[in-house]
Amino acid sequence: MAERLLDDQIVEQVRDVFSQMQNDVALIHFTTERSDCMYCPETKQLLEEIAPLSGKLHLEVYDIEKDADKAKEFGVDKTPATIVAAYDHGVVTNFGIRYFGIPSGHEFSSLIQDIMTVSERDSGLKPETREFLKSLTEPVHLQVFVTPTCPYCPRAVVLTHRMALESDKVTADMIEAMEFNELSNEYGVSGVPHTDINHHKGTVVGAVPEEHFVAEIRRALGM
């Protein structure tokens, strides 16, 4: 039996937070048996420790190779991958809220916040941000590169994930920079949080206010 990742104190804190959940949430997880996936076993174990802490949480685990059709359905091309989605009577609604890499360290708080936000089915964004997101006519892909030790990274991750919840045009990924080193190099990540907009069309470095982020997305889209 693997040693537990979450101690009793954290378990009780998370259970207490989850007691406020309004609607059911699905955690759709993709893993692999390949040995080159650095944190696949730990990520799966982390989710297996979280899921029982609320009757409103539903964990589904898939193998990216064996369940290739499922991976394609969720647009997952690397592991470990975790999607936070709505769950209504067995029906999963995917908002494009995704984690690539283990949500550990400071990113554990992002995961818990995302679960609660999806449970509320409300992004909590400012009215002007919601209006802007409603006006989108083309897809927006946000990739937030993070490290577990970065205290500012959750702000960027949670903000982009709220945007994904608000608009079906937005897909937002947390990417653990060290686990996906080649990807980090491809996007020129030298500090975190580093957010790429639509594959080199725009970049936001640091945890910036909502309106700054919107302005950068506008610029990247040429709006």
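A few remarks follow.
- Inter-residue pairs, beta-carbon under 6 Å, first hydrophobic (A, V, I, L, M, F, W, C) and in the stretch 199-211, second part of a strand (DSSP E or B), 6+ apart: Val204/Thr195; Val205/His194
- Every condition in (1) free of Cβ contacts under 8 Å to residues at least 60 places away in the same chain; (2) buried (at least 16 other Cβ atoms within 10 Å of the Cβ); (3) more than 17 Å from Val118 (Cβ to Cβ) is met by Ala68 except one, and the failing one is (2).
- From the list Thr171, Thr203, Thr160, Thr129, the lone residue that is surrounded by fewer than 22 Cβ atoms within 10 Å (Cβ to Cβ), modelled with pLDDT of 95 or more and part of a helix (DSSP H, G or I) is Thr129.
- Residue tally, condition surrounded by 17 or more Cβ atoms within 10 Å (Cβ to Cβ) and closer than 19 Å to Glu138 by Cα, over the stretch 174-200: 3
The values are calculated or read from the model by the stated rules, or taken from the named source; none is laboratory data. All figures in this text were calculated on a predicted structure; none of them were measured in a lab. Every residue, glycine among them, receives a Cβ derived from its backbone with ideal geometry; neighbour counts consider all protein chains shown.
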